[in-house]
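Student: Encoded as structure tokens, here's the structure I'll be asking about.
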Amino acid sequence: MSSSAPAAPVARRSRARQVAASTWASATGRTGLVMLAITLLVAVFGPLLVSTSPTAQNLMATNQPPSWLGGSGGLMGTDALGRDVFSRAVHGLRLSLLFGLGVATASAVLGLALGLLAGYEQRFAGPVLLRLADIQFALPFVVVGLALTAVMGPGILKLSIVLAIWGWTVYARTIVTSVAQVCRMDYITAARTHGMGATRLLLRHVTPNVLGPVVVLWTTSAGVMILVESSLSLLGLGTQPPSFSLGTMLGDATTQLRLAWWAVVAPGSVLLWIVLAFNLTGDGLRDALSSSGRIEHDPELV
Amino acid sequence: MILQTENLEQSFPVSGGRRVQVLNGVSISVNAGETLGVVGESGSGKTTLGRAVMRLSEPTGGRVFFEGRDVTHANSAHLRRILRRRAAMVFQNPSTSLNPFLKLVDALTEPLAVHRIGSRSERRQQAYDMLERVGLDRAQAERYPQELSGGQRQRVGVARALMLNPALVVADEPTASLDVSVQAQVVNLFQDLQRDLGLAYLFISHDLALVSHLSHRIAVMYLGRVVEIGPAAEVFDRPKHPYTVVLSSMRRPAGEQLTPGGDPPSLLSPPTGCAFHPRCPIARPVCSTTAPELTALAETKGHEVACHFPGDLELSGGLETAVAPPPPIPLEAVR
């Protein structure tokens, strides 16, 4: 190593970079990150490379099996309206991914903010928020989603707003105890004796301490959100034609399952791939965070 | 006068709708450049006193004056201009007093940033200077607290408290969780800084010998009250309150130590009369019925005791010289 002189300053790595490096070092994390990268690349550039239009119907060639099964339907066959399943999967991936990342991020930010509030303000706001979360946990989302769709009408944007708001509980409940713990630390008291305001205190001192679990939850929930969107779209509550996502593809194709199973299997495998990518990344991140210096045993901390 | 409290009271709600009275009429004062040592066992309210004068809690009775202004019920904007700008705190546990996610330089510049003092580079420069002042290398500014030893972290804690050039530093058991050798270094640091900067300290500790080593005056607390207050040498060598005598006897050989019977009483059900009477070796009937007031003693100026029979229990003489600590810096030298 280069540390020939004992007093030479050690190159310092920021915590984020340390966690990223250690995620990459684990097999799980690396697999997840590679899968995620591929997914993102396909979502961004894929549609430019696929020549067939995803919406062009060819009623002369409906339910054609894939070429590798001896059919004339291209790489993944065609669906009941003669549309190219491969092209549709590549295009549908965009909306699903955008939805998953967008909703997960929005609910993570909201959940983080409310979790900070609940952990910091333990007299009134905290207990009220946590009771609300309890109530919300008791209600299955599908019931609420159905009811809201009945009132507001279906639509991907409405659905994403409702899901983003609905998702706060998981984040808030996960971090609220850590927030309360951190708030009892002397460095918080020190910041208060210097006159630091509550908002700045929470952002600067508390947030870094609880960001780890939020990031892990965020990755897994992005996958879950894509699944939720798919299942609601399958029920006809999410994405509305002519837009389409992996979920609507599944929904459309189920009626023809006996005639064209490939039209179901293709979007299904892509879904499996995405959710697996997010979950593996989340697992890798979690391991990296729990092994990084933060939770390491400190003999001076009784 | 930097700090003064008048009959300060602090109570907190506990389960069952009751309140626990942690401070019960505490009147102390700290002059510029002076160290007031506060001693007492755990539960005596000394930490609560420190937090109350720093207005980390709002007192439930009495008043707190900081540099002549009443801050007892000041709102946060008002506090920011007075107390927050001119008083700081040093904590017991150096592991929890520094944020593990902040580099030292960021922890040190924070008080300046809160009060919008100087530009970014000026603040960093001040942080480097302060690190050197407390005996650390400026090259360590880019480190995280976990990379430092306990003593080094405590120095950083002291440095952070000094960043705003305060008039008062409240030190809550700043040496209690350090090794003995490191303790001495930190105590010396406190004394050096007082000499150079004219700081006033409210020095909270359970260790009477340590406190008498660096205090000009000592206040002894028992169950939320000051039971004896006076010049450090007087209180330490000629204690008048039986509780102070007990504390003071701890520096003697094991056979000559006085140990009070029983445990400290609960704050939820304080004893009647003098709070110390159930454990007092010289308690008499009046002690259990009437609470003694803090009264000035005739022989020494500024020495006050809350006891019906001050001086009845005494340390047998002869040992003071053997263990007498060096005197604190004289007040004149500080100013």
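Student: Determine whether the range B:179-198 contains at least one residue that is within 14 Å of chain A (Cβ to nearest Cβ), crowded, with 19+ Cβ neighbours inside 10 Å and at pLDDT 90 or above.
Tutor: Checked against the condition, which is being within 14 Å of chain A (Cβ to nearest Cβ), crowded, with 19+ Cβ neighbours inside 10 Å and at pLDDT 90 or above, the range B:179-198 yields no hits at all.
Student: Could you count how many residues in the range A:224-256 are assigned to a helix (DSSP H, G or I) and either of a type in the set (Val, Ile, Thr) or in contact with a Phe, Trp or Tyr (Cβ under 6 Å, 6 or more places away or on another chain) (or both)?
Tutor: Step one: list which residues in the range A:224-256 are assigned to a helix (DSSP H, G or I), which gives A:224-234, A:246-254.
Add one more test, that the residue is either of a type in the set (Val, Ile, Thr) or in contact with a Phe, Trp or Tyr (Cβ under 6 Å, 6 or more places away or on another chain) (or both), and what stays is A:224, A:226, A:228-229, A:248, A:254.
Matching residues across the range A:224-256 total 6.
Student: On to the next question. Give the residue, chosen from B:Ala176, B:Ala233, that is at pLDDT below 90, within 14 Å of another protein chain (Cβ to nearest Cβ), open to solvent by 20 Å² or more (accessible area, probe 1.4 Å) and closer than 19 Å to B:Val38 by Cα.
Tutor: The conditions single out B:Ala176.
Student: Limited to the range B:110-133, what total is found for residues that are loosely packed, with under 15 Cβ neighbours inside 10 Å and outside any helix (DSSP H, G or I)?
Tutor: So the answer is 3.
Student: Identify the single condition in (1) among the charged types (D, E, K, R); (2) more than 18 Å from B:Glu132 (Cβ to Cβ); (3) within 11 Å of another protein chain (Cβ to nearest Cβ) that B:Arg153 does not satisfy, given that it satisfies every other one.
Tutor: For B:Arg153, the exception is condition (2).
Student: Related question: Conditions first: (1) closer than 21 Å to B:Val53 by Cβ; (2) within 14 Å of chain A (Cβ to nearest Cβ); (3) out of contact with any Pro (no Cβ under 6 Å at 6 or more places or on another chain); (4) not in a helix (DSSP H, G or I). B:Leu164 passes all but one, so which condition is the exception?
Tutor: Going through (1) closer than 21 Å to B:Val53 by Cβ; (2) within 14 Å of chain A (Cβ to nearest Cβ); (3) out of contact with any Pro (no Cβ under 6 Å at 6 or more places or on another chain); (4) not in a helix (DSSP H, G or I) one by one, B:Leu164 breaks only (3).
Student: I would also like to ask the following. Has the range A:46-67 got at least one residue that is more than 20 Å from A:Ser243 (Cα to Cα), of a type in the set (A, V, I, L, M, F, W, C) and open to solvent by less than 50 Å² (accessible area, probe 1.4 Å)?
Tutor: Yes, the conditions are met somewhere in the range A:46-67.
Student: Here are A:Val142, A:Val170, A:Val182, A:Val176: which of them is out of contact with any Lys or Arg (no Cβ under 9 Å at 6 or more places or on another chain), open to solvent by 10 Å² or more (accessible area, probe 1.4 Å), of a type outside the set (Phe, Trp, Tyr) and within 30 Å of B:Leu168 (Cα to Cα)? Walk me through how you get there before you give the answer.
Tutor: On the way: A:Val142 fails: within 30 Å of B:Leu168 (Cα to Cα); A:Val170 fails: within 30 Å of B:Leu168 (Cα to Cα); A:Val176 fails: within 30 Å of B:Leu168 (Cα to Cα).
Only one candidate qualifies: A:Val182.
Student: For the range A:1-45, which positions are within 14 Å of chain B (Cβ to nearest Cβ), open to solvent by 60 Å² or more (accessible area, probe 1.4 Å) and modelled with pLDDT under 80?
Tutor: Once the filter is applied, which keeps residues that are within 14 Å of chain B (Cβ to nearest Cβ), open to solvent by 60 Å² or more (accessible area, probe 1.4 Å) and modelled with pLDDT under 80, the range A:1-45 yields A:Pro6, A:Ala7, A:Pro9, A:Val10, A:Ala11, A:Arg12, A:Arg13, A:Ala16.
Student: Identify, by number, the condition in (1) without any contact (Cβ under 8 Å) to a residue 40 or more places away in the chain; (2) of a type in the set (A, V, I, L, M); (3) within 11 Å of chain A (Cβ to nearest Cβ) that B:Val170 doesn't meet.
Tutor: Here B:Val170 meets the rest and fails (1).
Student: What about B:Leu136, is it open to solvent by less than 50 Å² (accessible area, probe 1.4 Å), in a loop (DSSP other than H, G, I, E, B) and either at pLDDT 90 or above or within 14 Å of chain A (Cβ to nearest Cβ) (or both)?
Tutor: Values: open to solvent by less than 50 Å² (accessible area, probe 1.4 Å): yes; in a loop (DSSP other than H, G, I, E, B): yes; either at pLDDT 90 or above or within 14 Å of chain A (Cβ to nearest Cβ) (or both): yes.
The answer is yes for B:Leu136.
Student: Output the residue which, of all residues in the range B:39-72 that are surrounded by fewer than 17 Cβ atoms within 10 Å (Cβ to Cβ) and of a type in the set (Lys, Arg), is nearest to B:Asn24 (Cα to Cα).
Tutor: Ranking the candidates gives B:Arg63 first.
Student: Can you tell me which of B:Thr295, B:Thr321, B:Thr259, B:Thr289 is at pLDDT 85 or above, exposed (fewer than 15 other Cβ atoms within 10 Å of the Cβ) and more than 30 Å from B:Ala167 (Cα to Cα)? Lay out the reasoning, then the answer.
Tutor: Working: B:Thr295 fails: more than 30 Å from B:Ala167 (Cα to Cα); B:Thr321 fails: at pLDDT 85 or above; B:Thr259 fails: at pLDDT 85 or above.
It is B:Thr289.
Student: Just the residues that are at positive phi and over 22 Å from the mean Cα position of the chain (by Cα), please, taken from the range A:123-160.
Tutor: Selection gives A:Gly153 alone.
Student: Would you check which residues across the range B:1-21 are assigned to a strand (DSSP E or B), of a type in the set (Val, Ile, Thr) and either at positive phi or surrounded by fewer than 24 Cβ atoms within 10 Å (Cβ to Cβ) (or both) and list them?
Tutor: B:Val20
Student: For A:Val216, only one of the following conditions fails: (1) over 19 Å from B:Ala159 (Cβ atoms); (2) within 11 Å of chain B (Cβ to nearest Cβ). What is its number?
Tutor: Failed condition: (2).
Student: Does the range A:170-181 contain at least one residue that is within 14 Å of another protein chain (Cβ to nearest Cβ), in a helix (DSSP H, G or I), farther than 21 Å from A:Val103 by Cβ and among the polar types (S, T, N, Q)?
Tutor: Checked against the condition, which is being within 14 Å of another protein chain (Cβ to nearest Cβ), in a helix (DSSP H, G or I), farther than 21 Å from A:Val103 by Cβ and among the polar types (S, T, N, Q), the range A:170-181 yields at least one hit.
Student: Criterion first (free of Cβ contacts under 8 Å to residues at least 40 places away in the same chain and under 30 Å from B:Arg133 (Cβ atoms)) does B:Leu199 satisfy it?
Tutor: Taking the combined requirement at face value, the residue does not satisfy it.
Student: Got a sec? Which of B:Asp237, B:Asp263 is out of contact with any Phe, Trp or Tyr (no Cβ under 6 Å at 6 or more places or on another chain) and free of Cβ contacts under 8 Å to residues at least 12 places away in the same chain?
Tutor: Values: B:Asp237 fails: free of Cβ contacts under 8 Å to residues at least 12 places away in the same chain.
Sole residue among the options that is out of contact with any Phe, Trp or Tyr (no Cβ under 6 Å at 6 or more places or on another chain) and free of Cβ contacts under 8 Å to residues at least 12 places away in the same chain: B:Asp263.
Student: So the check is Cβ under 8 Å with 6+ separation or different chains; which pairs have a first residue in the range B:65-88 that's within 11 Å of chain A (Cβ to nearest Cβ) and a second one that's open to solvent by 80 Å² or more (accessible area, probe 1.4 Å) and modelled with pLDDT of 90 or more?
Tutor: So the pair list comes out as B:Ile82/B:Arg69.
Student: Quick one: is B:Leu210 open to solvent by 10 Å² or more (accessible area, probe 1.4 Å), hydrophobic (A, V, I, L, M, F, W, C) and over 13 Å from the mean Cα position of the chain (by Cα)? Write out each step before concluding.
Tutor: Details: open to solvent by 10 Å² or more (accessible area, probe 1.4 Å): yes; hydrophobic (A, V, I, L, M, F, W, C): yes; over 13 Å from the mean Cα position of the chain (by Cα): no.
Spelling it out, it is not the case that B:Leu210 is open to solvent by 10 Å² or more (accessible area, probe 1.4 Å), hydrophobic (A, V, I, L, M, F, W, C) and over 13 Å from the mean Cα position of the chain (by Cα).
Student: Report yes if A:Val162 is within 14 Å of another protein chain (Cβ to nearest Cβ) and open to solvent by less than 30 Å² (accessible area, probe 1.4 Å), otherwise no.
Tutor: Values: within 14 Å of another protein chain (Cβ to nearest Cβ): no; open to solvent by less than 30 Å² (accessible area, probe 1.4 Å): yes.
Spelling it out, it is not the case that A:Val162 is within 14 Å of another protein chain (Cβ to nearest Cβ) and open to solvent by less than 30 Å² (accessible area, probe 1.4 Å).
The values are calculated or read from the model by the stated rules, or taken from the named source; none is laboratory data. Owing to the predicted nature of the structure, the values given are computational and were not obtained by experimental measurement. Cβ: placed from backbone, ideal geometry, glycine included. Neighbour counts: every protein chain shown. Side chains are part of the model used for accessible areas, which takes the heavy atoms of the whole protein and leaves out ligands, DNA and RNA. Shrake-Rupley method; radii C 1.70, N 1.55, O 1.52, S 1.80 Å.
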